[in-house]
Amino acid sequence: MSSLVAHDQTTKAETPAKAIQPAWVRIVHWINAVAMILMIMSGWQIYNASPLFDFTFSKTITLGGWLAGALLWHFAAMWLLMVNGLVYLILGLATGRFRKKLLPITPEGVMADTRAALTGKLSHADLTKYNYVQKLLYAGIIVVGILVVLSGLAIWKPVQLQYLTALFGGYEAARYVHFFCMAAIVAFMVVHVALALLVPKSLRAMIIGR
């Protein structure tokens, strides 16, 4: 009996742990992070050339140096973001990851997990499962990501894509949609990084998978 137990323990020890974050998820995650940072910083420089509100962003946190340089960075990062995002959407749907990770989302579940988070009682023991707050945030940021790309295209090509621009209520309205989507993404990134620092094993999983 002891030999069987020892053999079973040896077998378990030799069996590699299952990846919490698959390789393709980790790759698109970090590419997306780089693309979003480049787009946000260059976007702030573009915003400064024609502000929507009574403030501008400090040059220390902008990219491009001037309008033309910022546009070059913005468009380069845009293609990277679009291609990477498309790959993420296709693989997320094809592998069933979205269905397994993000569904279902219920108001009751979101409220319960929000209360637990605010009182420090939200468990992070099982990183393979998202709580309801995570589900809502991740599903929401996917929608925001699609909107920021579409509104950006409407601003970029308002004549060629006039029907898309019209869906946003015109060029100026599309600019506001683009700005507020950007603000939502920045807020998400701040919360995302803060939670990763509070739960270091989640950051480790996104780097090495386990």
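The values are calculated or read from the model by the stated rules, or taken from the named source; none is laboratory data. Computed from a predicted structure; not experimentally measured. Methodologically, a virtual Cβ is constructed for each residue, glycine included, from the backbone with ideal geometry; neighbour enumeration extends over all protein chains shown.
Is one or more of the residues making up segment 165-174 outside the structural domain of residue 78 (by TED's automatic domain parsing), closer than 17 Å to residue 71 by Cβ and not in a helix (DSSP H, G or I)?
Kept after step one, since they are outside the structural domain of residue 78 (by TED's automatic domain parsing), are these residues of segment 165-174: 165-174.
Applying the additional criterion that residues be closer than 17 Å to residue 71 by Cβ yields 171, 174.
Those left that are additionally not in a helix (DSSP H, G or I): none.
No, the conditions are met nowhere in segment 165-174.
Pick from segment 159-171 the residues that are touching a residue at least 12 places away in the same chain (Cβ under 8 Å) and surrounded by fewer than 18 Cβ atoms within 10 Å (Cβ to Cβ): which of them is farthest from residue 97 (Cα to Cα)? Talk me through it step by step, then tell me what you get.
In the first step, residues of segment 159-171 are kept if they are touching a residue at least 12 places away in the same chain (Cβ under 8 Å); the result is 164, 167-168, 171.
The next check asks that each one be surrounded by fewer than 18 Cβ atoms within 10 Å (Cβ to Cβ); those that pass are 164, 167, 171.
Details: 164: 30, 167: 30, 171: 36 Å.
Among residues in segment 159-171 that are touching a residue at least 12 places away in the same chain (Cβ under 8 Å) and surrounded by fewer than 18 Cβ atoms within 10 Å (Cβ to Cβ), the one farthest from residue 97 (Cα to Cα) is 171.
For residue 174, are the conditions met, namely being free of Cβ contacts under 8 Å to residues at least 60 places away in the same chain and surrounded by 14 or more Cβ atoms within 10 Å (Cβ to Cβ)? Explain how you work it out, then say what you get.
On the way: free of Cβ contacts under 8 Å to residues at least 60 places away in the same chain: yes; surrounded by 14 or more Cβ atoms within 10 Å (Cβ to Cβ): yes.
Against the criterion (free of Cβ contacts under 8 Å to residues at least 60 places away in the same chain and surrounded by 14 or more Cβ atoms within 10 Å (Cβ to Cβ)), residue 174 qualifies.
Could you tell me whether any residue of segment 128-142 is charged (D, E, K, R), at pLDDT 90 or above and closer than 24 Å to residue 20 by Cα?
So in segment 128-142, the residues charged (D, E, K, R) come out as 129, 135.
Remaining after also requiring at pLDDT 90 or above: 135.
The next check asks that each one be closer than 24 Å to residue 20 by Cα; those that pass are 135.
Scanning segment 128-142 turns up at least one residue that is charged (D, E, K, R), at pLDDT 90 or above and closer than 24 Å to residue 20 by Cα.
Please work out which one of (1) within 23 Å of residue 189 (Cβ to Cβ); (2) under 22 Å from the mean Cα position of the chain (by Cα) is the condition residue 51 fails and give its number.
Only one criterion is unmet by residue 51, namely (2).
Regarding segment 96-113, can at least one residue be identified that is aliphatic (A, V, I, L, M), outside the structural domain of residue 148 (by TED's automatic domain parsing), in contact (Cβ under 8 Å) with a residue 24 or more places away in the chain and touching a Phe, Trp or Tyr at 6+ places or on another chain (Cβ under 8 Å)? Break it down into steps so the answer makes sense when it comes.
First, pick out the residues of segment 96-113 that are aliphatic (A, V, I, L, M): 102-103, 105, 110-112.
With outside the structural domain of residue 148 (by TED's automatic domain parsing) added as a condition, the list becomes none.
No, segment 96-113 has no match at all.
Going through 40, 105 one at a time, which residue ends up being among the β-branched types (Val, Ile, Thr), more than 17 Å from residue 178 (Cα to Cα) and either surrounded by 13 or more Cβ atoms within 10 Å (Cβ to Cβ) or modelled with pLDDT of 95 or more (or both)? Spell out how you get there, then give the answer.
Numbers: 40 fails: more than 17 Å from residue 178 (Cα to Cα).
Matching residue, one of 40, 105: 105.
Answer with yes or no whether residue 155 is under 20 Å from residue 83 (Cβ atoms) and at pLDDT below 95. Break it down into steps so the answer makes sense when it comes.
Details: under 20 Å from residue 83 (Cβ atoms): yes; at pLDDT below 95: no.
No.
Within segment 81-100, how many residues turn out to be crowded, with 17+ Cβ neighbours inside 10 Å and either closer than 30 Å to residue 47 by Cα or of a type in the set (D, E, K, R) (or both)?
Summing the residues that are crowded, with 17+ Cβ neighbours inside 10 Å and either closer than 30 Å to residue 47 by Cα or of a type in the set (D, E, K, R) (or both) in segment 81-100 gives 4.
One line per residue, one yes/no per condition, for (1) within 25 Å of residue 190 (Cβ to Cβ); (2) in the same structural domain as residue 43 (by TED's automatic domain parsing):
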site	(1), (2)
84	yes, yes
115	yes, no
129	yes, no
132	yes, no
140	yes, no
151	yes, no
158	no, no
162	no, no
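Taking the condition at pLDDT below 95, surrounded by fewer than 17 Cβ atoms within 10 Å (Cβ to Cβ) and outside the structural domain of residue 130 (by TED's automatic domain parsing), does residue 56 pass?
Numbers: at pLDDT below 95: no; surrounded by fewer than 17 Cβ atoms within 10 Å (Cβ to Cβ): yes; outside the structural domain of residue 130 (by TED's automatic domain parsing): yes.
No; evaluated as a whole, the condition is false for this residue.
For segment 197-210, how many residues meet the condition of being exposed (fewer than 15 other Cβ atoms within 10 Å of the Cβ) and free of Cβ contacts under 8 Å to residues at least 60 places away in the same chain? Even if it seems obvious, please write down each step before you answer.
Step one: filter segment 197-210 for residues exposed (fewer than 15 other Cβ atoms within 10 Å of the Cβ), giving 197-201, 203, 207-208, 210.
Retained after the next criterion (residues that are free of Cβ contacts under 8 Å to residues at least 60 places away in the same chain): 197-198, 200, 203, 208.
The number of residues fulfilling the criteria is 5.
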